[in-house]
Amino acid sequence: MITKLTMPNPVEAKKYFEDKITFTTGPVELERMIKQHENINVIDVREEEDYRQGHVPGAINLPKERWETLEGLSKDRTNVLYCYNPVCHLAATAGVEFASKGFPVMEMEGGFKAWQDMDLEIEKPQINRMFAFRNE
């Protein structure tokens, strides 16, 4: 089967791209929003163990098994959601779930993989270490 390119309808294209820039952002844009203290709330929907290995600075972890709690979401800020990579649909699925409950949401395209690929700052939890001191 040969796929034939059809001429895109400009009106439909305009609507598509308006929706895209309204409901998605990229890693570099998100970093800028964080640094400028914009009215956002960053939500990492990956599993907790993956979040603990590193995440977008300031992100709140809300894995799928805790979505019903709505913990960390805000109705007064845009909740920017992200998951693993460009082919992961967890963030989009969470977006449907949270928007249906009245939360303003966007998705960071590319997920955490795109954040890493752009070599942006990664936050990791502090590890508590016990140090042994010798009496000398």
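If we scan segment 24-40, do we find a residue that is free of Cβ contacts under 8 Å to residues at least 40 places away in the same chain, outside any loop (DSSP other than H, G, I, E, B) and polar (S, T, N, Q)? Checking segment 24-40: not a single residue is free of Cβ contacts under 8 Å to residues at least 40 places away in the same chain, outside any loop (DSSP other than H, G, I, E, B) and polar (S, T, N, Q). Can you spot a residue in segment 43-56 that is over 19 Å from residue 113 (Cβ atoms), crowded, with 19+ Cβ neighbours inside 10 Å, β-branched (Val, Ile, Thr) and in contact with a strand residue (DSSP E or B) (Cβ under 8 Å, 6 or more places away or on another chain)? Looking for residues that are over 19 Å from residue 113 (Cβ atoms), crowded, with 19+ Cβ neighbours inside 10 Å, β-branched (Val, Ile, Thr) and in contact with a strand residue (DSSP E or B) (Cβ under 8 Å, 6 or more places away or on another chain), one finds none in segment 43-56, hence no.
Listed conditions (1) hydroxyl-bearing (Ser, Thr, Tyr); (2) under 10 Å from the mean Cα position of the chain (by Cα); (3) more than 23 Å from residue 125 (Cα to Cα) are all met by residue 16, apart from (2). Somewhere in segment 112-131, is a residue buried (at least 21 other Cβ atoms within 10 Å of the Cβ) and within 15 Å of residue 34 (Cβ to Cβ)? Yes, because at least one residue in segment 112-131 is buried (at least 21 other Cβ atoms within 10 Å of the Cβ) and within 15 Å of residue 34 (Cβ to Cβ).
None of the figures in this text is laboratory data; all of them are computed from the coordinates on show. In this text, all values refer to a predicted model and were calculated from it rather than measured experimentally. All Cβ positions, glycine included, derive from the backbone under ideal geometry; neighbour counts span all protein chains shown.
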